[in-house]
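**Q** Pasting a structure below so you can have a look.
What follows draws every value from the coordinates through simple rules; no lab data is involved. None of these values were measured; they are calculated from a predicted model. In this analysis, Cβ positions are derived from the backbone assuming ideal geometry, glycine residues included, and neighbour counts consider all displayed protein chains.
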């Protein structure tokens, strides 16, 4: 397991990042998440630029944080190699 | 299952596929230029230019395509000043907004693909060119770019397929592409399964063709 994880983590992180961005598509079906919330906010305040940019920054932050976390995991699992 | 509906909706969906293919080809065309430009900027020694290109690809790869389309289509129209400029002629059309968003998005991914391809070129090729007295400009155009294209073909084929599926998001900005027309038929017939099966198989068929074309090109340009 540990040896397999070392090789799998970079690709797994890719999948994680892609799925993270694909969650925005859920808003189409009506579940209230970042995208849906900003859609509602943009509609009621007539300020789409601010709210969608805010959503973009949130997503960027999420990918940034998960990248940092995954980097730490990578270092942890590649000890001794 | 309503087989009749599947048969009658097929030609409608097929004509909508033309819109999808137009979106795909135009955004890939512009995206390739953007990608090449930013890949070259990424390899630049200048720190500021380098950081700028990295920031571009980071922002566009770090945010969902849906957000990018919404910002460009809904967001930019909000700026009063922007609406008075000549650019507004382009940005008020959902068609061009979608193409711009797709081109910028695929450009970011393409720049990463091409950059990694440039970096994996063995220095021997460039040194061989230099020792023959070829100028660095011609080395770049005649040696580095062809090798980079060959190296990046598999990854770029992936990107084309991802982009093809990404064009389905154009339906969120009122564009009548394959998904848009499928949604429209569903809203009048209330039979989502049949229509989406047909739409899905058209997407699958396009993926199949793109996959095989890329495979053929890979074989043709392999060395």
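**Q** In the range A:29-46, how many residues are surrounded by fewer than 15 Cβ atoms within 10 Å (Cβ to Cβ) and facing chain B (nearest Cβ under 9 Å)?
**A** Result for the range A:29-46: 1.
**Q** Next question. Given the criterion in contact with a helix residue (DSSP H, G or I) (Cβ under 8 Å, 6 or more places away or on another chain) and within 18 Å of residue B:160 (Cα to Cα), identify the matching residue among B:5, B:26, B:43, B:14.
**A** B:26
**Q** What pairs come out if I take residues in the range A:51-70 that are at the interface with another protein chain (Cβ under 8 Å from one of its Cβ atoms) and pair them with residues that are surrounded by 17 or more Cβ atoms within 10 Å (Cβ to Cβ) and not in a helix (DSSP H, G or I) whose C-beta lies under 7 Å away, six or more apart or interchain?
**A** Short answer, once both residue conditions are applied: A:56/B:63; A:59/B:63; A:59/B:64; A:60/B:63.
**Q** Tell me yes or no: at least one residue of the range B:77-98 is crowded, with 21+ Cβ neighbours inside 10 Å and more than 14 Å from every other protein chain (Cβ to nearest Cβ).
**A** yes
**Q** Quick check on the range A:71-81: of everything there that is in a helix (DSSP H, G or I) and free of Cβ contacts under 8 Å to residues at least 24 places away in the same chain, which residue is nearest to the other protein chains (Cβ to nearest Cβ)?
**A** Taking the candidates together, the pick is A:71.
**Q** Hey, another quick one. Which members of the range B:54-87 meet the condition of being assigned to a helix (DSSP H, G or I) and more than 22 Å from residue A:17 (Cα to Cα)?
**A** Listed by number, the residues that qualify are B:72, B:73, B:74, B:75, B:76, B:77, B:78, B:80, B:81, B:82, B:83, B:84.
**Q** Right, another one. If we scan the range B:211-222, do we find a residue that is in contact with a helix residue (DSSP H, G or I) (Cβ under 8 Å, 6 or more places away or on another chain) and not in a helix (DSSP H, G or I)?
**A** Yes, that holds for at least one residue.
**Q** Continuing with this model, one more query. Go over the candidates B:166, B:157, B:129, B:124 one by one and state the one that is surrounded by 15 or more Cβ atoms within 10 Å (Cβ to Cβ) and without any contact (Cβ under 8 Å) to a residue 24 or more places away in the chain.
**A** Selected residue: B:129, the only one of B:166, B:157, B:129, B:124 that is surrounded by 15 or more Cβ atoms within 10 Å (Cβ to Cβ) and without any contact (Cβ under 8 Å) to a residue 24 or more places away in the chain.
**Q** For residue A:37, state whether it is closer than 24 Å to residue B:76 by Cα and either in a helix (DSSP H, G or I) or in contact with a strand residue (DSSP E or B) (Cβ under 7 Å, 6 or more places away or on another chain) (or both).
**A** yes
**Q** In this structure, does residue A:65 turn out to be under 11 Å from the mean Cα position of the chain (by Cα) and exposed (fewer than 12 other Cβ atoms within 10 Å of the Cβ)?
**A** Yes; evaluated as a whole, the condition is true for this residue.
**Q** Evaluate the range B:51-68: report whether one residue or more is free of Cβ contacts under 8 Å to residues at least 60 places away in the same chain, surrounded by fewer than 16 Cβ atoms within 10 Å (Cβ to Cβ) and away from chain A (no Cβ under 13 Å).
**A** The answer is yes; a qualifying residue exists.
**Q** Between B:144, B:151, which is buried (at least 17 other Cβ atoms within 10 Å of the Cβ), farther than 24 Å from residue B:60 by Cα and touching a helix residue (DSSP H, G or I) at 6+ places or on another chain (Cβ under 7 Å)?
**A** Checking each option against the conditions leaves just B:144.
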